[in-house]
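Asks: Here it is, the structure in full.
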Amino acid sequence: LFGPLGRSFEVHSQNLLLVAGGIGIAPLVFLAEKAIADGLHVTLLAGAKTADGIYPRHLLPPDITYVTITEDGSLNKQGLVTDLLAELAESPQKDEQIFACGPICMYKTMSALRQLKGKSIQVSTEERMGCGFGGCAGCTIETKRGLKMVCKDGPTFELSDLIY
C-alpha cells in the first residue's frame, strides 16, 4: 500500500466552496477538515441519488456550512448538486475558491454554468488507477495540455483543462 498519489488541491483563499457528487465527497472531507483547522471558511455542497448516499453531518467539523440535495428528494431538496452550485454562484463570496469531486457528467454541467465562466475550479478526477505510478497508463485522461496520467499528473486538474 502506498499513497497519496499525484497532485492535491492547492488552496489560495480564505473562502472555499466544495462541490461533491456522490462518492466524490471523500477527498473533499479531507480538504474541508484541513481548511477548518487552518481557520478558513468552508461551504460544502453534497449531492447523492438518495438520503442513504449523503455523508453524515455529525462526521464533519461543526464550523462547516453543509448543504445537501438528493436526486429523489428524500433529504431536504430534490435535484442535483449542480443545482445548488448554480444558486450559490449567483452571489459568490469574496475571494471564493471552488473545488469539486464527482462524476464526469457533473463536470460537464459545471463547465456549462454561466455563473462559473472564467473562474478557476480545481477538480479531483475519479479515474481508476491500475499501478499508481504511471507504468500502465490505465488512468490516462485527455486534457487541453495533452494526455495526462491521473496517478502522476492528477488527480487534481483545472476544470477548464479537461476534455470530455
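The values are calculated or read from the model by the stated rules, or taken from the named source; none is laboratory data. Quantities reported herein were computed from a predicted structural model and do not represent experimental measurements. Neighbour counts are summed over all protein chains in view; Cβ atoms, including those assigned to glycine, are modelled from backbone coordinates with ideal geometry.
Asks: Within the range 70-89, which residues are hydrophobic (A, V, I, L, M, F, W, C) and within 13 Å of Ala48 (Cβ to Cβ)?
Replies: Going residue by residue through the range 70-89, those that are hydrophobic (A, V, I, L, M, F, W, C) are 75, 80-81, 84-86, 88-89.
Answer for the range 70-89, where residues must be hydrophobic (A, V, I, L, M, F, W, C) and within 13 Å of Ala48 (Cβ to Cβ): Leu75, Leu80, Val81, Leu84.
Asks: Looking only at the range 47-69, decide whether some residue is under 15 Å from Thr156 (Cα atoms), in contact with a strand residue (DSSP E or B) (Cβ under 7 Å, 6 or more places away or on another chain) and either at pLDDT 95 or above or not in a strand (DSSP E or B) (or both). Let's see the steps before the verdict.
Replies: Filtering the range 47-69 down to residues under 15 Å from Thr156 (Cα atoms) leaves none.
No; the residues of the range 47-69 include none that is under 15 Å from Thr156 (Cα atoms), in contact with a strand residue (DSSP E or B) (Cβ under 7 Å, 6 or more places away or on another chain) and either at pLDDT 95 or above or not in a strand (DSSP E or B) (or both).
Asks: Taking the options Val11, Val29, Val19, name whichever one is in contact (Cβ under 8 Å) with a residue 40 or more places away in the chain and surrounded by fewer than 23 Cβ atoms within 10 Å (Cβ to Cβ).
Replies: Working: Val29 fails: in contact (Cβ under 8 Å) with a residue 40 or more places away in the chain; Val19 fails: surrounded by fewer than 23 Cβ atoms within 10 Å (Cβ to Cβ).
Step by step, each of Val11, Val29, Val19 is checked, and only Val11 is in contact (Cβ under 8 Å) with a residue 40 or more places away in the chain and surrounded by fewer than 23 Cβ atoms within 10 Å (Cβ to Cβ).
Asks: How many residues, within the range 86-116, are over 22 Å from Pro155 (Cα atoms) and not polar (S, T, N, Q)? Can you show your working first?
Replies: Looking only at the range 86-116, we keep the residues that are over 22 Å from Pro155 (Cα atoms), and these are 86-95, 113-115.
If we keep only those that are not polar (S, T, N, Q) too, we end up with 86-90, 92, 94-95, 113-114.
Residues flagged as over 22 Å from Pro155 (Cα atoms) and not polar (S, T, N, Q) within the range 86-116 amount to 10.
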